[in-house]
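Please treat every number below as a calculation from the coordinates, not as lab data. Source: prediction; values computed, not measured.
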């Protein structure tokens, strides 16, 4: 019956990586790989990864703030 079927909620995540050093290729971003594997391991699908510069004005323009995010 419909009542016996379990409803599975699909959780998704997006990562915002902040760092001029990453954008310039000065350091290798190993955190994204680690986080992607960790999210998959607990059933969370990684939808998007965005790398942005260390610039408060840029982040403000994008509307990125702790207030909008569920987990920071």
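Contact order, relative form, for segment 12-62: 55 percent (alpha carbon pairs under 8 Å, 6 or more residues apart, mean separation divided by residue count). In plain terms, the chain from residue 50 to residue 38 could stretch by 2.6 nm, reckoned as 0.36 nm per residue minus the Cα-Cα distance. Semi-axis lengths, largest first, of the ellipsoid equivalent to segment 12-62 are 22, 15, 6 Å, with √(5λ) applied to each eigenvalue of the Cα gyration tensor.
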